[in-house]
Amino acid sequence: MDSSIFKSPSYHTQSITVHSYEIDFNSRLNIFSLFNYFQEIAWEHAGILHFGLEDLSKRNLFWVLSRVRVEIERLPLWGENIILVTYPRGFDGLFALRDYEIYDSNDNRIISASSSWLILGAQNRRPVRLTDLDLPFLLNDRKALTLNASKIEGVTGNPVNIDSLTVKPSDFDVNFHVNNARYIEWAYNSFSFDHHKENTIKTIEVNFLAEGKENNCLKIELSNQSERENIVVIKRIDDNKELCRVRFEWK
């Protein structure tokens, strides 16, 4: 990795050692811990750039993650040292774009991701047009992926597996939203143990569609789209409202 490219404050980097509590049964970083990495460095960098949690809360605004696309060459191993880089990239309508790259100790880029964020009003929960805000956005020309995170279209076929669960207090973040990594964990766990032993994630794409509330009962539906592609839909049971869609591509 050429550190001269990723200069602060436009870019933000973290050196991370993968911990034992962040890995799966193959000693690889689990996918929901990866999303926690992304979330943490995004909050940290936004604060450095003066459009973070505290800056927005003064205006009765807050960030929400709407879409993510992650392409994985390989997941790092337990004890491995990696470098995580993030940077804001620009706007797409109401979305603010933020990208991520992860490098190993040999300077190989092993994970690339792009995310789309919204700013909502704290009272009405409605999106705010970013160009109307007097915030010091820094934008970069670099792109981690050729594609932005996109809308996951309709699911074909009937679910092959259905689980259910109840939202617990430990699932919530500081905005009283279900933590985005929780949805990834629930989606991941809808697959069998044998499936995870025989397959690894090539691409994961996520659409966060609505808020999970305290004590909501949720239904998790896993559907096959092709031999190497699945979509998981997470819904509230009482009104059938979709909260999240997750598309997995396997290798």
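The values are calculated or read from the model by the stated rules, or taken from the named source; none is laboratory data. Keep in mind that what you see is a predicted model, and the values were worked out from it rather than measured. We place every Cβ from the backbone using ideal geometry, glycine too, and count neighbours over all the protein chains shown.
The strands (runs of 3 or more DSSP E) falling completely within region 159-251 that include 2 or more residues that are over 30 Å from Leu56 (Cα atoms), among the aliphatic types (A, V, I, L, M) and free of Cβ contacts under 8 Å to residues at least 60 places away in the same chain map to 217-226.
Per-residue answers, yes or no, for (1) surrounded by 17 or more Cβ atoms within 10 Å (Cβ to Cβ); (2) within 29 Å of Arg74 (Cα to Cα); (3) at pLDDT 95 or above; (4) of a type in the set (Val, Ile, Thr):
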| position | (1), (2), (3), (4) |
| --- | --- |
| Ser164 | no, no, yes, no |
| Asn179 | yes, yes, no, no |
| Ala187 | yes, yes, yes, no |
| Cys217 | no, no, yes, no |
| Glu221 | yes, yes, yes, no |
| Val233 | yes, yes, yes, yes |
| Leu243 | yes, yes, yes, no |
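The set of residues in region 174-191 that are closer than 18 Å to Arg247 by Cβ and not aliphatic (A, V, I, L, M) comprises Asn180, Arg182, Tyr183, Glu185, Trp186, Tyr188, Asn189, Ser190, Phe191.
When restricted to residues that are within 15 Å of Val128 (Cβ to Cβ) and either exposed (fewer than 14 other Cβ atoms within 10 Å of the Cβ) or not assigned by TED's automatic domain parsing to the domain that holds Leu120 (or both), region 42-91 contains 3.
The residues of region 146-174 that are over 18 Å from Asn207 (Cα atoms) and aliphatic (A, V, I, L, M), listed by number, are Val160, Ile162, Leu165, Val167, Val174. Within region 45-67, does at least one residue satisfy the condition of being at pLDDT 95 or above, closer than 20 Å to Val206 by Cβ and aromatic (Phe, Trp, Tyr)? The answer is no, given that none of the residues of region 45-67 is at pLDDT 95 or above, closer than 20 Å to Val206 by Cβ and aromatic (Phe, Trp, Tyr).
In this structure, does Asn36 turn out to be out of contact with any Phe, Trp or Tyr (no Cβ under 6 Å at 6 or more places or on another chain) and farther than 19 Å from Ser116 by Cβ? Here the answer is no, as Asn36 does not meet what is asked. Of the residues examined, Arg126 is not one that is of a type outside the set (Gly, Ala, Ser) and either within 16 Å of Arg67 (Cβ to Cβ) or surrounded by 17 or more Cβ atoms within 10 Å (Cβ to Cβ) (or both). Filtered by the rule that a residue be farther than 30 Å from Val128 by Cβ and small (Gly, Ala, Ser), region 92-112 gives a lone residue, Ser105.
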